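Below: one structure, written as structure tokens.
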Amino acid sequence: MKRLMKLSAAVAMVATLATAGTLDDVKKAGVLKCGVSTGLPGFAEADSKGTWRGLDVDYCRALAAAVLGDASKVKYVPLTAKERFTALQSGEIDVLSRNTTWTETRDTTLGINFAGVNYYDGQGFMVAKSLGVKSAKDLNGATVCIQAGTTTEMNLADYFKTNGMKYKAITFDQNSQVDDAFFAGRCDVLTTDQSGLYAKRTKAKDPSKYVILPDIISKEPLGPSVRQGDDQWFNIAKWVLNAVITAEEKGVTSKNVDDMAKTSKDPEVQRLLSKDGTMCKNVGLEPGCFANAIKQVGNYGEMFERNVGINTPLKIKRGLNALWNKGGILYSPPFR
Amino acid sequence: MSFLRDEKIRGILYQLITIVAFAMLALYIAHNTAQNIEARGIKTGFDFLNNSSGFDITESPIHYTTKSTHWDVYKVGLINTLIVSFFGIVLTSILGLIIGVARLSSNWIISRLAATYIETFRNIPVLLQILFWYNVVLAAMPSVRHSYSFFNSIFINQRGIFVPKPIFLDGSIYIAISIVVAIIIGWFIRIWAKKRLEETGKEFPLFLTNLALLIILPLITYYATGKPINFDYPVLKGFNFEGGKTYTPEFLALLFALTIYTATFIAEAIRSGIEAVNKGQKEAAQALGLSKMQALKLVILPQAIRVAIPPIISQYLNLIKNSSLAAAIGYPELVTVFAGTSLNVTGQALEIMAITMGTYLVISIIVSLVLNWFNHKMKIKER
């Protein structure tokens, strides 16, 4: 009986540890466990040397730089669309940065909180050029490849129903299976967020044989999320994202961050980068946390151009993802 | 404390302690889970089953739209699981029996071929085989516009096999009746043939007669009642064939892979069954003047099957469970649609996983109960 008591006491300890503050857990482990996609060029993909790259990956790195002072202290956990929320809920990962759409149901019923939006997307369609399709309205009767467990699946159903069109959906668990099936000719159409379509097109043997239709059928604000019930960690996740956006707005880059910290006359830049670190202390981090993130990973603009921008194979324009004062809708609350 | 010296009482005491300890641990885990879920604000309960799903399922044997509920999703998934399992079990039994017998053939080439087949396919993980066959189907078949066409009514392409679908009109009930009648007549012929065999020793071509009966009688009825069955032919419309019945590449690849894989184990079970039959039985059959085929059919196999049934039951169960690997290629069975898409839409992993696991448990238990009853019936009755 004593042994049993000991055992259950041990189990209870493990259980209580798991519910303690995420920040303490991460600091203790010395590494940030970040859930990412299993492989989506431009957003999260391991290169030939096994180094993870992408916009979502850069968010993980910025968070690690802010929390642990080192952007390389991230353990990437590749997750399918199906696995992602369970992984976050169960504590397998500390933050989910896996091009995940922020929706009401997800925010309120899954026990997670969205920290903001790091990419404004919308669902689109890719078809073979040879089909001669010009608009999504021409897709009546088409067979569509999609990934299981995504908002995409529901948007698709809504869109075809609204327009009185029929379709056949072929649903796969793995992202790569969706691509393979589409490029093998199993489906006429591949649908996912438009950024994803650009990324997938780079995987085709001959990308010029495929076109991405102009129609956007949904709003897909993609962003990182954390477990509900840990407000401190939620604040950190939110403000690290805001910091890199503010940095772009104020012209702070990975190259000039040290100079700016010393010379900038802009009070907000001083608050963002200051040595006394009031802003960092507010969220429970060491002074210089945001400066670390910007120095090691860069501001939002740098992240965007490096991973998905016009000079990458994805060739995505800033569009909606430009700053609010440059024609986009990217807007960070002030650092004050 | 002298009662502790009694071995029997001590034994019972130990067992009681074990049970109580186990129950406490289970209760603790359940309680802890519930508390954690509560603390994290995750929705619980089974209300979601009545919410409409909002997504589509292409291969649905029952009526299903985006307005259908998650409970409907469950039913669609379950039926698809049962369909592929049923056809899988039937096909794998036939294939396994043939391969198992071929494995012991005195013809060197045939037995080697069977052995190679068994060793190859039972040693490759079934998930890889599913993916392999799926990609083979997609790569080998022509695109929709260049379909293989048979009699302009059957089409084969990357999107599957399209066949005409029968539509039953008034009067088609008579055809169903005629099939039943044919079976009953066949039954009587069998009794008569057996009696005649016992009395005169003359064999009657029972199989051929009954087969002919089963085909001719319904055919006559079909014409006599004025062809009450229409066929809905698949027609190329826009992107794809419409109408008719479609067997998708996902279904075919899954069925094929499961059949090929499981048949290797059935074949081995049959072989060990045959080898377990005493050599004297075969010799006795020869001495009675039975042909090789007759000896196999009447003497060897009935005894071999008895030995082979228990391992075959486990293989049937494995096939049913392995059908859940369809998630990899998108055949909409239980795990793909219910434990996949529904889980993601609702986020209620615990409930959905519990339902899914319970379902597989129930299916497996029912199948093994039925087959154990069959096994019991087939056992040698020792009097």
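When region A:61-89 is filtered for residues that are in a helix (DSSP H, G or I), touching a residue at least 40 places away in the same chain (Cβ under 8 Å) and touching a Cys at 6+ places or on another chain (Cβ under 9 Å), the ones remaining, listed by number, are A:61, A:63, A:65, A:66, A:67.
Which ones in region A:164-207 are among the small types (Gly, Ala, Ser), more than 23 Å from residue B:68 (Cα to Cα) and away from chain B (no Cβ under 12 Å)?
Let us first name the residues in region A:164-207 that are among the small types (Gly, Ala, Ser), namely A:164, A:169, A:176, A:181, A:184-185, A:195-196, A:199, A:204.
Filter once more, keeping what is more than 23 Å from residue B:68 (Cα to Cα): A:176, A:181, A:184-185, A:195-196, A:199, A:204.
A:195, A:196, A:199, A:204 - these are the residues of region A:164-207 that are among the small types (Gly, Ala, Ser), more than 23 Å from residue B:68 (Cα to Cα) and away from chain B (no Cβ under 12 Å).
Residues are listed down the side, and each one gets a yes or a no for (1) surrounded by 21 or more Cβ atoms within 10 Å (Cβ to Cβ); (2) in the same structural domain as residue A:208 (by TED's automatic domain parsing); (3) aromatic (Phe, Trp, Tyr); (4) touching a residue at least 24 places away in the same chain (Cβ under 8 Å):
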position	(1), (2), (3), (4)
A:276	no, no, no, no
A:281	no, no, no, no
A:302	no, no, no, yes
A:310	no, no, no, no
A:321	yes, no, no, yes
A:336	no, no, no, yes
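Here residue A:91 meets each of (1) of a type outside the set (Val, Ile, Thr); (2) away from chain B (no Cβ under 14 Å); (3) on the phi > 0 side of the Ramachandran plot; (4) out of contact with any Asp or Glu (no Cβ under 7 Å at 6 or more places or on another chain) with one exception, condition (2). The residues of region A:134-163 that are touching a strand residue (DSSP E or B) at 6+ places or on another chain (Cβ under 7 Å), more than 8 Å from chain B (Cβ to nearest Cβ) and more than 17 Å from residue A:188 (Cα to Cα), listed by number, are A:151, A:155. State whether one or more residues within region A:142-149 are under 15 Å from the mean Cα position of the chain (by Cα) and in the same structural domain as residue A:186 (by TED's automatic domain parsing). Within region A:142-149, not a single residue is under 15 Å from the mean Cα position of the chain (by Cα) and in the same structural domain as residue A:186 (by TED's automatic domain parsing). For residue B:17, indicate whether it is hydrophobic (A, V, I, L, M, F, W, C) and within 14 Å of another protein chain (Cβ to nearest Cβ). The answer is yes for residue B:17. Considering B:208, B:214, the condition of being surrounded by fewer than 13 Cβ atoms within 10 Å (Cβ to Cβ), under 30 Å from the mean Cα position of the chain (by Cα) and either closer than 20 Å to residue A:187 by Cβ or not charged (D, E, K, R) (or both) is satisfied by B:208 alone. Residues in region A:252-269 that are in contact (Cβ under 8 Å) with a residue 24 or more places away in the chain and over 14 Å from residue A:293 (Cα atoms): A:268 only. Can you pull out every residue in region A:97-126 that is surrounded by fewer than 24 Cβ atoms within 10 Å (Cβ to Cβ) and within 13 Å of chain B (Cβ to nearest Cβ)? Correct list: A:101, A:103, A:104, A:105, A:106, A:107, A:108, A:109, A:111, A:113. Report, by residue number, each residue of region B:246-268 that is more than 14 Å from chain A (Cβ to nearest Cβ) and not β-branched (Val, Ile, Thr). Once the filter is applied, which keeps residues that are more than 14 Å from chain A (Cβ to nearest Cβ) and not β-branched (Val, Ile, Thr), region B:246-268 yields B:255, B:256, B:257, B:258, B:261, B:263, B:265, B:267, B:268. Screening residue B:342 on (1) modelled with pLDDT of 90 or more; (2) buried (at least 22 other Cβ atoms within 10 Å of the Cβ); (3) of a type in the set (Ser, Thr, Tyr) shows it passes everything except condition (1).
Which ranges mark the helices (runs of 4 or more DSSP H) fully within region A:241-336 that have 2 or more residues being of a type in the set (Gly, Ala, Ser) and under 22 Å from the mean Cα position of the chain (by Cα)? Lay out the reasoning, then the answer.
Values: elements: A:257-263, A:267-273, A:278-283, A:289-297, A:300-307.
Ranges flagged: A:289-297.
Of everything listed in (1) within 14 Å of another protein chain (Cβ to nearest Cβ); (2) farther than 27 Å from residue B:262 by Cβ, the single unmet condition for residue B:292 is (1).
The number of residues in region A:127-148 being surrounded by 24 or more Cβ atoms within 10 Å (Cβ to Cβ) and touching a helix residue (DSSP H, G or I) at 6+ places or on another chain (Cβ under 6 Å) comes to 4.
Return the residues of region B:182-194 that are closer than 10 Å to residue B:213 by Cα and surrounded by 15 or more Cβ atoms within 10 Å (Cβ to Cβ); say none if nothing qualifies. It would help to see each step written out before you state the result.
Within region B:182-194, the first condition is being closer than 10 Å to residue B:213 by Cα, and the residues that meet it are B:182-183, B:185-186.
Answer for region B:182-194, where residues must be closer than 10 Å to residue B:213 by Cα and surrounded by 15 or more Cβ atoms within 10 Å (Cβ to Cβ): B:182, B:185, B:186.
In region B:236-255, the residue that is surrounded by the fewest Cβ atoms within 10 Å (Cβ to Cβ) out of those that are in a strand (DSSP E or B) and more than 27 Å from the chain's Cα centre (by Cα) is B:237. Checked against (1) assigned by TED's automatic domain parsing to the domain that holds residue A:104; (2) crowded, with 16+ Cβ neighbours inside 10 Å, residue A:213 meets all criteria but (1). The residues of region A:30-60 that are in a strand (DSSP E or B) and either basic (Lys, Arg) or closer than 15 Å to residue A:95 by Cα (or both), listed by number, are A:32, A:33, A:34, A:35, A:36, A:37, A:44, A:53. Checking each residue in region B:351-383 for being among the charged types (D, E, K, R) and touching a Lys or Arg at 6+ places or on another chain (Cβ under 8 Å) picks out only B:379. Within region B:355-370, none of the residues are within 14 Å of chain A (Cβ to nearest Cβ), in a helix (DSSP H, G or I), farther than 25 Å from residue B:125 by Cα and touching a residue at least 24 places away in the same chain (Cβ under 8 Å). Checked against (1) touching a Ser or Thr at 6+ places or on another chain (Cβ under 7 Å); (2) at pLDDT 90 or above, residue A:313 passes all but a single condition, namely (2).
The values are calculated or read from the model by the stated rules, or taken from the named source; none is laboratory data. Note that the structure is a prediction, hence the values are computed from the model and not measured. Backbone-built Cβ (ideal geometry, glycine too); neighbour counts: all protein chains shown.
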